[in-house]
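**Student:** Below is one structure. I have some questions about it.
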Amino acid sequence: MGNNLFIFSLFRLAILFAVVFTPTILAEPRPPHNRLVFWNVGQGDFISYLSHEVCIVFDVGGSFKIPEKDLLEMRNFCPQRKVQLFISHFDKDHISNYKRLMTYLVVENSYFSHLDSRSQFGKKLLEQLKFQNSKTHQIRQGFKIKYEGVHLSCLWPPPGPLRKAENDRSLVLKLENQGRSFLFMGDLPSRCERKLPLVSAQVLKVGHHGSKYSSSSSFLKNVKASMCVVSVGRINTYGHPSPDALSRMNDNRCTILRTDLLGDITIEL
Ligand SMILES: [Zn+2]
């Protein structure tokens, strides 16, 4: 069995285990393993990397409120109840749960591609972070940070003036943990995917909830992910995920995992 296939099988087992035994896992006060969770929050993104050394949250959105039990699980996991928060962009479906997160956890540092939110919701998030004494950072391509056992790098946006469209301003982040790699695309469209530096990852959180305007075939071919996670609501008015994008993922042999069909998707690390 090739190394990639072995990792893939491990991931697959972990997901099956998590899907089948989630109630048992949640009952434990301090789960033993580090994990990456794509929370099922309807239409939007809310992802967390949980370990006893550091907790990282990638977006805090969703069309419905993240359940209290999930926040309690995060609080049990995170050292000193602190999280490092990365916001891909200021659209509501990526930030709507910020108050709930900050009720249970302290955002020690927060990272954005820009701080001039055009939405009222985004402005309120920035005010709340200030109120919680969170250190706010503006980052671009080339930014790297290392936590215990985890490397995180920013691949988008590039330095210089930002594009006008909010989706084009999405932070794209790559997380690496002991030989495993994960790519988080925010809502980046294909017109920007093609300008990214060459990047590969085993797990791809696809851009823009499986929109037909993201996940181009050439991009998927470059990334070579074995798993494509689509964070999407069961009922949405956008037609996400699009059949075109899903068939491109299939054509590139990327196993599709959808939060609308599977619920929370947990990868044990
Ligand atoms: Zn979105």
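**Student:** Evaluate the relative contact order of segment 3-268 (contact order divided by residue number), counting alpha-carbon pairs under 8 angstrom at least 6 apart; express in whole percent.
**Tutor:** Working: 596 pairs, mean separation 47.5, N = 266.
This gives 18 percent for segment 3-268.
**Student:** Find the cysteines in the chain that fail to meet the 4.7 Å Cβ criterion with every other cysteine, and list them.
**Tutor:** C154, C192 - these cysteines have no disulfide-compatible partner (Cβ-Cβ under 4.7 Å) in the chain.
**Student:** Span-like helices, the chain: DSSP H, alpha-carbon axial extent 20 Å or more, mean Kyte-Doolittle 1.0 or greater, which ones?
**Tutor:** 3-27
**Student:** Among L261, T103, H240, whose Cα projects farthest towards the positive end of the dipole of the chain, with charges put on the beta-carbon of Lys, Arg (+1) and Asp, Glu (-1)?
**Tutor:** H240
**Student:** Can you tell me how segment 192-264 classifies by the Cα gyration tensor, rounded, prolate or oblate, using a/c under 1.5 as the rounded cut?
**Tutor:** On the way: a/c = 1.93, a/b = 1.49, b/c = 1.29.
Here segment 192-264 falls in the prolate category.
**Student:** Based on DSSP H runs of at least 4 residues, each adding -39500 (n - 2.57), what is the mean residue ellipticity at 222 nm of the chain after dividing by all its residues, to the nearest 500 deg cm²/dmol? Write out the running numbers ahead of the final one.
**Tutor:** Numbers: 8 runs with 78 residues, N = 269.
Mean residue ellipticity at 222 nm (helix-derived): -8500 deg cm²/dmol.
**Student:** What is the packing order of peptides 237-249, 157-169, taking the mean over residues of other C-beta atoms within 10 Å and listing the highest first?
**Tutor:** On the way: 237-249: 16.9, 157-169: 14.8.
Per-residue mean Cβ counts within 10 Å order the peptides as 237-249, 157-169.
**Student:** What fraction of the DSSP beta bridges in the chain is antiparallel, stated in percent and rounded to the nearest 5? Walk me through the numbers on the way to the answer.
**Tutor:** Details: 27 of 49 bridges.
Percent antiparallel among DSSP bridges in the chain is about 55.
**Student:** Next question, about the same structure. With +1 assigned to the C-beta of every Lys and Arg and -1 to the C-beta of every Asp and Glu, and no other charges, what is the dipole magnitude of segment 3-268 about the Cα centre in debye, to the nearest 20?
**Tutor:** Working: 35 positive and 23 negative charges, 109 e Å.
For this selection, approximately 520 debye.
**Student:** Something else about it: Note down the net charge around L85, summing +1 for each Lys or Arg and -1 for each Asp or Glu among other residues with Cβ under 14 Å from its Cβ.
**Tutor:** On the way: positive: R81, K82, K99, R100, K130, K135; negative: D45, D59, E108.
Here the count lands on +3.
**Student:** Can I ask one more? Around D168, with a cut-off of 11 angstrom between Cβ atoms, what is the net charge of the other residues, counting Lys and Arg +1 and Asp and Glu -1? Walk me through the numbers before you get to the answer.
**Tutor:** Details: positive: R163, K164, R169, R191, K195; negative: E166, D187, E193.
Overall, the nearby charge balance is +2.
None of the figures in this text is laboratory data; all of them are computed from the coordinates on show. What you see is a predicted model; the values in this text were computed from it and never measured. For neighbour counting, all protein chains shown are included, and Cβ atoms are generated from backbone atoms with ideal geometry for every residue, glycine included.
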